[in-house]
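Enquirer: Following this message is one structure expressed as structure tokens.
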Amino acid sequence: MGAALLIAATALLVLTEVMKRVYTQQLASLLERGDARAYLALLDKPLVRFIFPAWNRCFMQLNGYLALDAYGEADSVIERMLAMRQNSKQRRELVGKAFNYYLERGNEPGATKLLAEIETWDDADAATEARMMHDIYIKKGWGYIDEMERRLEGLHGVDRGFLELLLALQYENKGDAAMSERYLKRSERHLCAPVRG
């Protein structure tokens, strides 16, 4: 009797792992094709709900809502997830994603609350970068222009494009529309350039 139960439990575990891989591939494919509605519908199927832990499924739902620009639903999922039990790796992943989302949406209370949490991490670089992003996106600061313009020379591709985007935002904050537009165009060129393999 005990051996039969062990075999059944092992078989269920293996089947669950196989199904998790199958559904992960299907979900990734749907998101890549831009079919976020089908992606969210698949996530809501009973078998998928059974296979994936609640935190993982919520994180995947968040990606689907963000792909649809469904901000109300994304806000609700983030609030629910911030209150969930999670390990430290999951928490950092969620806080990082939610912080960036709040910055882009201009959600000052949400971004400020998560900035305070990031500042408690044992990661000075992450805290410094989060303060800078908060200053640029939420406080509408422009105090990093000189430093970023000096750093531009050694950068290429996406890294350069991202820095140019931050410069465009800062010049916009400063009220210099011409410089903002110039850096925005450069940023688009570098961020949208094909990756060379």
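The values are calculated or read from the model by the stated rules, or taken from the named source; none is laboratory data. Since the structure is predicted, the reported quantities are computational estimates derived from the model, not experimental observations. Here the Cβ is made from the backbone with ideal geometry for all residues, glycine too, and neighbour counts use every protein chain on show. Surface areas here come from the heavy atoms of the whole protein model, side chains and all, with no ligands, DNA or RNA. Shrake-Rupley method; radii C 1.70, N 1.55, O 1.52, S 1.80 Å.
Each row is one residue, and each column tells you yes or no for (1) in contact with a Lys or Arg (Cβ under 8 Å, 6 or more places away or on another chain); (2) over 28 Å from S88 (Cβ atoms).
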residue: H134; (1), (2): no, no
residue: W142; (1), (2): yes, yes
residue: A178; (1), (2): no, yes
residue: L184; (1), (2): no, yes
residue: H190; (1), (2): yes, yes
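Enquirer: On to the next question. Could you tell me how many of the residues in region 144-181 are assigned to a helix (DSSP H, G or I) and either without any contact (Cβ under 8 Å) to a residue 12 or more places away in the chain or hydrophobic (A, V, I, L, M, F, W, C) (or both)? Walk me through it before giving the result.
Expert: So the first thing to find is which residues in region 144-181 are assigned to a helix (DSSP H, G or I), and the list is 145-152, 157-174, 177-181.
This time we only want the ones that are either without any contact (Cβ under 8 Å) to a residue 12 or more places away in the chain or hydrophobic (A, V, I, L, M, F, W, C) (or both), so: 145-148, 150, 152, 158-159, 162-163, 165-169, 172, 177-179.
Looking only at that region, the number is 19.
Enquirer: A follow-up question, please. Where the second residue is open to solvent by less than 80 Å² (accessible area, probe 1.4 Å) and the first is modelled with pLDDT under 95 and lies in region 112-131, which pairs have Cβ atoms under 6 Å and are six or more apart or on separate chains?
Expert: From residues that are modelled with pLDDT under 95, there are no pairs.
Enquirer: R85 is checked against (1) more than 30 Å from L167 (Cα to Cα); (2) assigned to a helix (DSSP H, G or I) and fails just one. What number does that condition carry?
Expert: (2)
Enquirer: Taking interchain pairs and intrachain pairs at least six residues apart, which have beta carbon atoms under 6 angstrom, with the first residue in region 89-109 and surrounded by fewer than 16 Cβ atoms within 10 Å (Cβ to Cβ) and the second of a type outside the set (G, A, S)?
Expert: Once the first residue is surrounded by fewer than 16 Cβ atoms within 10 Å (Cβ to Cβ) and sits in region 89-109, its partners that are of a type outside the set (G, A, S) give E108/I138.
Enquirer: Follow-up question, since we're still on this one. For the structure I just gave you, tell me whether A83 is within 30 Å of R21 (Cβ to Cβ), out of contact with any Phe, Trp or Tyr (no Cβ under 8 Å at 6 or more places or on another chain), aliphatic (A, V, I, L, M) and crowded, with 17+ Cβ neighbours inside 10 Å. Show your work before the answer.
Expert: On the way: within 30 Å of R21 (Cβ to Cβ): yes; out of contact with any Phe, Trp or Tyr (no Cβ under 8 Å at 6 or more places or on another chain): yes; aliphatic (A, V, I, L, M): yes; crowded, with 17+ Cβ neighbours inside 10 Å: no.
When the stated conditions are applied, A83 does not pass them.
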